[in-house]
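Worksheet for the structure shown next.
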Amino acid sequence: MGGYFGGKLARAGYDVTFLARGEHLKAIRQNGLTIKSIQGDFKVDPVNVTDKIKAVGSADLIIIAVKAWQIKEVAKDLADVTKKGKTVAFIDSFPYDSTSSLTRDIWEGKPSEIEYQNGTVVKLAEKYGIETPVNKFVYHCILPMDIKARKSL
């Protein structure tokens, strides 16, 4: 989602810097940013991209498009690039092909958002004495796969 919105802003002439890591960073540097969308595919090249949020400098708008479990990691560095009165927008990935990002992550052996979604529901329900059998079942079925994926990071 961050690539889509950032790409649209860059194509409209705004100064956009993307933050990426690992293979994603390498691919963007080598090939530019290619967006496939039902609204029409497009490419942004050249692309301002870095893996260090401090390299962004001061920003008027920051779009954070990460998994819920990654927000803590990103949030600690936000103070370096935000100013009072500036906007930070958090967006989560939209599902494609009617499959949630949590489902895709589990299928692909990646860390998921199970702790921040169903886990939160289960823990709050237990705290207030509310039964949530479906959330509890889903949470306890997916949690072992999530823990395994996190250990492989």
Over the range 22-55, the set of residues under 18 Å from the mean Cα position of the chain (by Cα), farther than 24 Å from L153 by Cα and not in a loop (DSSP other than H, G, I, E, B) is L33, T34, I35
Checked K84, K123 against criteria (farther than 21 Å from G2 by Cβ, among the basic types (K, R) and modelled with pLDDT under 80); the one match is K84
Per the filter on the range 11-21, residues outside any strand (DSSP E or B), aliphatic (A, V, I, L, M) and under 19 Å from the mean Cα position of the chain (by Cα) are V16, A20
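Residue by residue through the range 13-36, note down the ones that are surrounded by fewer than 13 Cβ atoms within 10 Å (Cβ to Cβ) and of a type in the set (F, W, Y).
Y14
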message = If I filter the range 62-79 for residues that are among the charged types (D, E, K, R), surrounded by fewer than 17 Cβ atoms within 10 Å (Cβ to Cβ) and farther than 24 Å from E115 by Cβ, do I get at least one hit?
response = no
Of the residues in the range 38-54, those that are closer than 16 Å to H24 by Cβ and of a type in the set (A, V, I, L, M, F, W, C) come to V44, V47, V49, I53
Within the range 95-115, restricting to residues that are outside any helix (DSSP H, G or I) and surrounded by fewer than 16 Cβ atoms within 10 Å (Cβ to Cβ), the one that is nearest to the chain's Cα centre (by Cα) is P95
Contact list, first residue from the range 114-135 and farther than 22 Å from R150 by Cβ, second anywhere and β-branched (V, I, T), beta-carbon distance below 7 Å, six or more apart or interchain, is A125/T132; T132/V121; T132/V122
Review point. Quick one: is I53 modelled with pLDDT of 80 or more and not assigned by TED's automatic domain parsing to the domain that holds A27?
Key: no
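The values are calculated or read from the model by the stated rules, or taken from the named source; none is laboratory data. Small disclaimer: the values here were computed from a predicted structure and weren't measured. A quick note on method: Cβ atoms are made from the backbone with ideal geometry, for glycine too, and the neighbour counts reach across all protein chains shown.
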